[in-house]
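Worksheet for the structure shown next.
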Amino acid sequence: MSHFSYSGTGPGHERQYLSEFERVQPGQWPEWEAALAVVNRDLTATLPGQDALVLMVAPPFQPLPPNGTDRGQVYVAMPDGRWHGNSVNADDLEEGDPPEPDDATTVLTVVADAAQATVMELLRQVWPLCWQHRIGMHPRPAGTTDGWSQGETDATGPPVWWCRGGRDGKCHDVSLVGELAATLP
């Protein structure tokens, strides 16, 4: 359980714990589950002995409107249910928005980013590492440059683990997300 799972603190408010987080049931969030399986390949290749990450869901905080589609917030978590960072699904759906993106590239990038935040914060170590430069990497579209920023739409490559480079500043794509095992020394 994350330490963010409470609300109502402050003068005159008792601490109220929100609904318990639950493990996502198989098939409940298929796109997120498939993406997490890919990211877990990188986790097990680079952190031997670390159990696979799981998806946890927090039920909606408020009653749903009559035509509501909120199925709760989904987080990438450690096997014991602890997580850190943002949810992987949209928390503020516009009318008619699907609860999940239909783009596998976006889903994989979001899950890789969420997994990285959870692992780094809860294991207190940089993950994943570029073996060449010994620094952390980040998920990005393939072929992006050092000046690329999140949200740019001109990068259309598959998600890769990207390294900023060493002191030489030569950034580079290390591997496709899910393929880090092939880059290990």
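Since every read-out is calculated from the coordinates, none of them should be taken as a lab result. The model shown is predicted, which means the values in this text are computed figures rather than measured ones. No Cβ is skipped: glycine too gets one built from the backbone with ideal geometry, and neighbour counts run over all protein chains shown.
Computed from label points 7 Å out along Cα-Cβ, the spacing between Gln25 and Ala142 is 3.7 nm.
Modelled this way, with points 7 Å down the Cα-to-C-beta line, the labels at Arg41 and Ala181 are 0.8 nm from one another.
The string of couplings for the range 167-175 from the Karplus curve (6.51, -1.76, 1.60, θ = phi - 60°) is 5, 6, x, 8, 6, 7, 7, 8, 6 Hz, one whole number per residue in order, with x for Gly and Pro.
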